[in-house]
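Below: one structure, written as structure tokens.
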Amino acid sequence: MIFIWGWRAVSLLLGTGVFHCPHCQADSEYKHLRSRRWFTVLFLPVIPLNKLGEHVLCQRCGSTFRMAVLDYPTLGQECPPTSDSYLEVGGGVDCLEPIK
Ligand SMILES: [Zn+2]
């Protein structure tokens, strides 16, 4: 039996950039995607159905994350130029606020 109809998710690329991937534990390029489920006939999307939301796709490992992952600083973001301004947390590096 051949299935000529079905459903599948189709993603629209909204942007790209660099973020700190929690899975890779490194800075990686990402794709910002918006997905929507479509009704398909012969594997071609013909009727848009429900929205599945926006997410971030790591181009290195292929993992997907919620948009909040972009709120974390990348390793490439500059910290103040003192060695005391770095803190390693779980393999990552965070900038600290200067102590007054
Ligand atoms: Zn990754």
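The values are calculated or read from the model by the stated rules, or taken from the named source; none is laboratory data. These numbers come from a predicted model, not from an experiment. FYI the Cβ positions are ideal-geometry reconstructions off the backbone, even for glycines, and counts take in every protein chain you see.
On the basis of being of a type in the set (F, W, Y), more than 22 Å from the chain's Cα centre (by Cα), at negative phi and modelled with pLDDT of 95 or more, does F3 make the cut?
Working: of a type in the set (F, W, Y): yes; more than 22 Å from the chain's Cα centre (by Cα): yes; at negative phi: yes; modelled with pLDDT of 95 or more: no.
It is false that F3 is of a type in the set (F, W, Y), more than 22 Å from the chain's Cα centre (by Cα), at negative phi and modelled with pLDDT of 95 or more.
Return the residue satisfying two criteria in turn: it lies in the stretch 31-50 and is away from the ligand (no atom under 16 Å from the Cβ) and of a type outside the set (A, V, I, L, M, F, W, C), and of such residues it is nearest to W5 (Cα to Cα). Spell out the reasoning first.
Let us first name the residues in the stretch 31-50 that are away from the ligand (no atom under 16 Å from the Cβ), namely 34-50.
Within this subset, residues satisfying the condition of being of a type outside the set (A, V, I, L, M, F, W, C) are 34-37, 40, 45, 48, 50.
Details: R34: 23, S35: 19, R36: 17, R37: 13, T40: 5, P45: 9, P48: 14, N50: 17 Å.
Result: T40.
If I go through the stretch 51-72 residue by residue, how many of them are away from the ligand (no atom under 16 Å from the Cβ), more than 11 Å from the chain's Cα centre (by Cα) and surrounded by 11 or more Cβ atoms within 10 Å (Cβ to Cβ)?
2
What number of residues in the stretch 4-23 are within 17 Å of R37 (Cβ to Cβ) and polar (S, T, N, Q)?
Qualifying residue count for the region: 1.
Would you be able to tell me the number of residues in the stretch 6-30 that are more than 16 Å from the ligand (Cβ to nearest atom), over 12 Å from the mean Cα position of the chain (by Cα) and among the hydrophobic types (A, V, I, L, M, F, W, C)? Break it down stepwise before answering.
Just the residues of the stretch 6-30 that are more than 16 Å from the ligand (Cβ to nearest atom), to begin with: 6-15.
Checking which are over 12 Å from the mean Cα position of the chain (by Cα) leaves us with 6-12.
Narrowing the set further to residues that are among the hydrophobic types (A, V, I, L, M, F, W, C) leaves 7, 9-10, 12.
Number satisfying all stated conditions: 4.
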